[in-house]
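One structure is given here, and the rest of the page talks about it.
The values are calculated or read from the model by the stated rules, or taken from the named source; none is laboratory data. Please read all numbers here as calculations on a predicted model, not as lab measurements. Note: ideal-geometry Cβ built from the backbone for every residue, glycine included; neighbour counts use all protein chains shown.
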Amino acid sequence: MRKQIAAANWKMNLTLQQAETLMDELFATPLELSENQEAVFGVPFPYLISIKNKLAGKKNVYVAAQNCYDKKSGAYTGEVSAEMLNSIGTDYVIIGHSERREYFNESHAMLAAKVNICIENGLKPIFCCGEPLAIREAGTESSFVEMQLKESLFHLSAEQLTGFVIAYEPIWAIGTGKTASNEQAQEMHAHIRKVLSDQYGVVVADSISILYGGSVKANNAADIFSQPDVDGGLVGGASLLAADFTAIINSLK
Ligand code: 13P
């Protein structure tokens, strides 16, 4: 059975003190995660060690970096390598978030290299895809997302893609309060799984967790997660509030 995942993406928010308070509030009552469910905390680089320590001894909870560099090591001032992230116990890395594609010009080829270097260093990528509003309005979102997957993931082997995590985040739904409808989310998630199935077979496609991201809130998570091909969410704003993110975790199937 593929994993159901509630992943927080704090983006560039919270001081360390605020982050620690948030985690203390979140774990004031133990999270109820079943065997195939995970909660993942995508936190800023400087907090990874501290938040990882807060999760020690807790089941099915993990930390994610929000990015890494695509080179092994060397004279790249200000960058953070996959090897460094692994050495501090990072579990996941969010790769190809639309904000990185847009503000930092991350190309398909660069994202393919980042996926590779994560895998080489024992880190699990959470690969983000999703169309901008203009593409949705033109009705070409299916082929757009398919192209994103092909360009950055299809060099991987079936073994490497087994149990992989993808996040579908339509850009028009991120931070806008405009969630994709259940039907829109299910339609795209089913399309992504079909594209993966056509390339890698149904067993691999069925093992991949496809998370939905874009204005997931405490009051709509259960509805979206109930869709058959939606395996949880990647959550921005609502992951900064303990009660809301707890409710989102409790909405996993
Ligand atoms: P919001 O939940 O704030 O819309 O952000 C979604 C997102 O970008 C998660 O990566």
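Quick check on my filter: what residues within segment 149-185 are within 20 Å of A138 (Cα to Cα) and touching a strand residue (DSSP E or B) at 6+ places or on another chain (Cβ under 9 Å)?
Scanning segment 149-185 gives L149, Y168, E169, P170, A173, I174, T179, A180, A185.
Note down all Cβ pairs under 6 Å where the first residue falls in segment 29-44 and is within 15 Å of the ligand (Cβ to nearest atom) and modelled with pLDDT of 95 or more, the second is part of a loop (DSSP other than H, G, I, E, B) and of a type in the set (F, W, Y), and they're at least six residues apart or on different chains.
From segment 29-44, the pairs are V43/W10.
Looking at segment 225-247 only, could you name the residues that are within 12 Å of the ligand (Cβ to nearest atom) and either modelled with pLDDT under 95 or β-branched (V, I, T) (or both)?
Within segment 225-247, V235 is the sole residue that qualifies.
If we keep just the residues of segment 83-112 that are more than 28 Å from L133 (Cα to Cα) and small (G, A, S), which is nearest to the ligand (Cβ to nearest atom)?
Per the criteria, the residue is G89.
Search segment 97-115 for residues that are closer than 17 Å to I171 by Cβ and pair each with any residue that is more than 15 Å from the ligand (Cβ to nearest atom) and of a type outside the set (A, V, I, L, M, F, W, C) when their beta-carbon atoms are under 6 Å apart and the residues are at least 6 apart or on different chains.
From residues that are closer than 17 Å to I171 by Cβ, the pairs are H108/E151; H108/S152; L111/S152.
Identify, from the list K150, K178, the residue that is among the basic types (K, R), within 15 Å of the ligand (Cβ to nearest atom) and farther than 20 Å from I5 by Cβ. Walk me through it before giving the result.
Working: K150 fails: within 15 Å of the ligand (Cβ to nearest atom).
Every option except K178 fails the conditions.
Here is a check on your reading of the model: is F127 assigned to a helix (DSSP H, G or I) and either more than 17 Å from the chain's Cα centre (by Cα) or within 16 Å of the ligand (Cβ to nearest atom) (or both)? Break it down stepwise before answering.
Values: assigned to a helix (DSSP H, G or I): no; either more than 17 Å from the chain's Cα centre (by Cα) or within 16 Å of the ligand (Cβ to nearest atom) (or both): yes.
Spelling it out, it is not the case that F127 is assigned to a helix (DSSP H, G or I) and either more than 17 Å from the chain's Cα centre (by Cα) or within 16 Å of the ligand (Cβ to nearest atom) (or both).
Which of the residues belonging to segment 199-224 are at positive phi, of a type outside the set (S, T, Y) and within 16 Å of the ligand (Cβ to nearest atom)? I'd like the intermediate steps shown before the answer.
Restricting attention to segment 199-224, the residues satisfying the condition of being at positive phi are 201, 214-215.
Next, from what is left, pick out any that are of a type outside the set (S, T, Y): 201, 214.
Matches in segment 199-224: G214 only.
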